[in-house]
1. Under a Cβ-only charge scheme (Lys and Arg +1, Asp and Glu -1), can you give me the dipole magnitude of the chain about the Cα centre, in debye to the nearest 20?
2. From the convex hull of the Cα coordinates of region 594-641, what is the mean projected area in square nanometres?
3. Tell me the angle of helix 413-429 to the major Cα principal axis of the chain, expressed in degrees between 0 and 90 and rounded to the nearest ten.
4. Can you give the accessible area of residue 306, probe radius 1.4 Å, in Å² rounded to 10?
5. Any chance you could check the Cα centroid distance between region 164-233 and region 413-435 for me, in angstrom?
6. Using the crude model of +1 on Lys and Arg Cβ and -1 on Asp and Glu Cβ, and no other charge, please compute the dipole size for region 457-591 relative to its Cα centre, in debye to 20.
7. Let me check I've understood the local charge: for residue 234, count other residues with C-beta under 12 angstrom from its C-beta, Lys and Arg +1, Asp and Glu -1. What total comes out?
8. With N denoting the number of residues in region 295-382, provide Rg(C-alpha) divided by 2.2 N^0.38 Å, to two decimal places.
Amino acid sequence: MKPLKLISIFLFLLFYVPLTGHGQSRNDLNVLKIDFANSKKVSPIEYGWHYEEIGMIGEGGLFAEMVRNRAFEEANPPRGLEVENGYYANVPNPTENPRKKAYLIDPLVGWSKFPENNKDIELAVVDTNPLNEFNPHSLQIELGGGTTGTSGVVNNGFFGMYFKQGNLYKLSFYSRGEEFDGSLNVFLCDSTGEKISNVFEVKSLTGEWDKYSAVFEAKKSTDTGILYFEPKGTGKLFLDVVSMFPGDTWDDGKSVFRADIMRNLIDYAPDFLRFPGGCLVHGVNVETMYRWKETVGDIAERPGAWSKWSPNYRTDGLGYHEFYELCEYLNCDAMYVAPAGLACSFWLFKADEKDEYLHFDVDVQDYIQDALDAIEYAIGPVDSEWGSKRAANGHPKPFPLKYISVGNEDFGPTYYRNYDAFYRAVKMKYPQLKIIANSMVGESKDADMKRERIPEFVDPSTIDIFDEHYYKDVPWVIENYYKFDQYQRPGPDMFIGELGIRGRHPLDVLGEAVFMTTMERNADLNPMMADRPLMRNWDFVGGRGNPLFFHTNSTSFKTFNYYMSKLFRDNKIDIWYESKNLIGESEKKLDENYLFSSAGFDSQTNEVVIKVVNLQEKSISSKLKIGDESKTIDATITILSSDGLVKNTPERPYAEYLHVEDAQLNLQGEHVFQPKSLTVIRFKSL
């Protein structure tokens, strides 16, 4: 018999065969009770994603641009902020928050001489004779004494470039010369400088900016590749907006998205995508708020922007237009988060009024008009001002915009007034769109009193969807297990726009699973959830954190968090059944030893669905009391568990994975739930 089959049989016997002889009395028997008689109709939860440029999610990831610092603007400081003693000035408690330390990075990041110690070439990022007003900097390459081709300038991409033998790579760049007498060769190399592609030659340069394009074919594969510029001659030459994409991007090379990452994203099938954030939306002052109009059109005219999130700069190559293209590829609804005219409260000084801050003096009508323009770009007719620009950018059909969130994590009296003005203006012109209101954020118990502040809005009846963000630990999740049950009905739809549960792996992810069971129990509130963090660049974050996906320059893989979230995504219910963990006839104490569960019915498949989370370090044997019938049925049981010692890595992408079995389940028998696990049980209606 094959070893794998023996292991499978062993696991089946260990976890699925009813246990006897434990000597437990009825009073101390651990029971998981599913009560079919106590039920209610609910809405299947909408599971989407929160997309925000953090941790090289797009730049150095999904956005397939291979050249880092392509326009030489990555060192640009944030607009509107002054620096004092290495920290940003005129903001509260600058030295207590590492994000308020002034951003400094080498303007040449991503670029270097090759070899690095060569003296024939000098590099500098300069702002003379710029390509245009949006990209003021360029790379100056000064050739000393005349070079013969033994020296060059290279870009290393994002932790090396991945070249695949036989694949094509499409390059474009701008260049000009100053007293330059010579030529320029461009090609692909491995990390040693060995040429691994055809050569593109520019025989001469003028004093004006000219655009050049080339296609390379890789002659061998490497994940430590470089893009090599080899000047020959004397004088100075300049480069700007150097961009290179693999020829095999998603949709047969028609998109800007990496194909391997897209395949993983599509596997999940999100219901919606929230974009562009996050704190990226409201920035830290007026100047750093998201400006969608600067993110569409020619990449050479996109200025890019500073962000408080590492790596602190984005090119906006994945801009407002590309966001909608991504939604179309994912076949999901689009949620645009529009700046509401308020900056991040953590960067503002408090005012005397409750929940109020000293906000910047802006005209909210400017932000309303900007949002209306954004909506018109997305869904307006082609003969409208912004709809025509969408068409000019290659997409005459409307995009799948469904939701508008008015701001991100904004609250207080000024926000309530701004929201009211936004709501009325958007609804008047686009009544079909769903408008989302923000709630208070913070770590205090007072900040958790979110819905209690709805009466403070100008007109509470306009709160259709209420966005709540929680960054907490596992004990908080347990303590607030029945928080949503106390919400007033009827009331606004529930939206969890951001959720982050802290804890030692895998309890952080399983704590989120517990939170999601509470949402299912309260799904009469029509809940939505934007899962995060979506992706991270493995090399950039050093493998830390628990996003749904990790990527390197050559691979993309799913994580424990992905599989947990996907289990909820694929096991929705539209009828809820009461489920409790009992000791004897009484509900068990609500702590980490509780078996957290959610049960319901999926009308589409005519199946009962039960989800159980065990946070304990040990297996838990529990008496099942599923309904009142005593029978054994065919069930599919899916288990996600981890000891927390081994996580998925580029070398071991399936170290944490699902275990799926078809099994015989005794509805009144015993069942063993694995340590630190999420178990999903499905069976046909009785």
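1. On the way: 74 positive and 100 negative charges, 423 e Å.
The dipole of the chain has a size of about 2040 debye.
2. Working: hull surface 17.5 nm².
The orientation-averaged projected area of the Cα hull of region 594-641 comes to 4.4 nm².
3. That helix lies at roughly 80 degrees to the long axis.
4. Rounded to the nearest 10, that gives 20 Å².
5. Here the answer is 51 Å between Cα centres.
6. Working: 16 positive and 21 negative charges, 129 e Å.
Here region 457-591 has a charge dipole of around 620 debye.
7. Values: positive: 232, 236; negative: 120, 142, 178, 179, 181.
Around residue 234, the surrounding residues sum to -3.
8. On the way: Rg = 16.2 Å, N = 88, 2.2 N^0.38 = 12.1 Å.
Against the compact-globule rule of thumb, the ratio is 1.35.
The values are calculated or read from the model by the stated rules, or taken from the named source; none is laboratory data. What you are looking at is a predicted structure, and each value in this text was computed from that prediction instead of being measured. Neighbour counts are summed over all protein chains in view; Cβ atoms, including those assigned to glycine, are modelled from backbone coordinates with ideal geometry. Keep in mind that these areas ignore ligands, DNA and RNA; they rest on the heavy atoms of the full protein, side chains included. Shrake-Rupley method; radii C 1.70, N 1.55, O 1.52, S 1.80 Å.
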